[in-house]
Every structure is written in C-alpha cells, then in structure tokens.
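Notes follow the structure.
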Amino acid sequence: MRVIDLLALMADLNQNTTIWMHSAEQPLRVTGVAPTDPDAPDQLVLTTAAAPAHALKRWELIMLTQAPALRRCTVYAQVDDQLVPIFGFAFQDGAIVLH
C-alpha cells in the first residue's frame with residue numbers, strides 16, 4: 001500500500017488515534033519513520049516497538065510523511081529484523097492496527 005492510500009483511508013479517523021502494528025504475539029506500537037534507504041528509495045519503513053513505547057498518533061504520521069516524494073512510497077513495517085508490507089488496517093480497541 002502506498003503512503004497516500006493509507007492516509008486517505010485514515011482520513012475519517014480522529015487525529016489523536018494511536019497507530020499499532022498487528023503481530024502474532026502482541027500488537028506492536030508504531031514509533032516512527034526510519035530514514036530512507038538510498039538502495040530502496042521507494043520504500044517507507046515504519047519502526048515498531050513493544051509496550052511501553054510511545055505509539056505514533058495519526059497526526060504525527062501525517063507530519064512525518066508530509067514530503068511529496070514520500071507520498072508514492074510503499075509502506076513497510078520493521079518487525080524485529082524483517083520488513084513486513086502493509087496491506088491495510090483495522091480499527092480495534094480505539095487504535096489503528098496495521099496489517
């Protein structure tokens with residue numbers, strides 16, 4: 001999923017909604033955006049961490065992906081040492097949970 005598509009799908013949700021990443025063991029919190037890798041400039045990588053890390057809110061993700069060059073990037077999440085592509089999200093327990 002591209003950044004612009006993800007942000008468009010989230011447009012109707014509250015700006016202060018936290019963003020989490022679905023994981024087999026426990027949901028991980030999306031904590032930020034990794035610096036762009038020069039070898040893969042078309043990828044946007046979201047960093048994740050287990051609790052008690054601070055989860056990004058929707059408005060923070062919008063601000064971090066504001067650059068026009070990032071809008072066409074494909075979204076991935078860093079889960080442990082793997083890059084997992086993001087295909088969508090669900091709204092669960094008051095949070096956006098990426099899948």
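Overview of values
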read-out: Residue that is farthest from I4 (Cα to Cα) [pool: residues in region 44-98 that are touching a helix residue (DSSP H, G or I) at 6+ places or on another chain (Cβ under 8 Å) and in a loop (DSSP other than H, G, I, E, B)]; value: L56
read-out: Verdict on Q15 being in contact with a strand residue (DSSP E or B) (Cβ under 9 Å, 6 or more places away or on another chain) and in a loop (DSSP other than H, G, I, E, B); value: yes
read-out: Residue check, P41 in contact with a helix residue (DSSP H, G or I) (Cβ under 9 Å, 6 or more places away or on another chain) and part of a loop (DSSP other than H, G, I, E, B); value: yes
read-out: Within region 74-83, tally of residues that are modelled with pLDDT under 95 and either at positive phi or open to solvent by less than 50 Å² (accessible area, probe 1.4 Å) (or both); value: 2
read-out: Condition check for T36: part of a loop (DSSP other than H, G, I, E, B), without any contact (Cβ under 8 Å) to a residue 60 or more places away in the chain, within 18 Å of R2 (Cα to Cα) and open to solvent by 40 Å² or more (accessible area, probe 1.4 Å); value: yes
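So that you can scan it fast, the table gives a plain yes or no per residue for (1) under 16 Å from V84 (Cα atoms); (2) hydrophobic (A, V, I, L, M, F, W, C); (3) loosely packed, with under 15 Cβ neighbours inside 10 Å:
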residue	(1), (2), (3)
V3	yes, yes, no
L6	yes, yes, no
E25	yes, no, yes
L44	yes, yes, no
A55	no, yes, no
R58	no, no, no
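The values are calculated or read from the model by the stated rules, or taken from the named source; none is laboratory data. As the structure is a computational prediction, the values presented were derived from the model and not from experiment. Please note: Cβ atoms are built from the backbone with ideal geometry, for glycine as well, and neighbour counts cover all protein chains shown. Note: accessible area is taken over every heavy atom of the protein model, side chains too, but ligands, DNA and RNA are not part of it. Shrake-Rupley method; radii C 1.70, N 1.55, O 1.52, S 1.80 Å.
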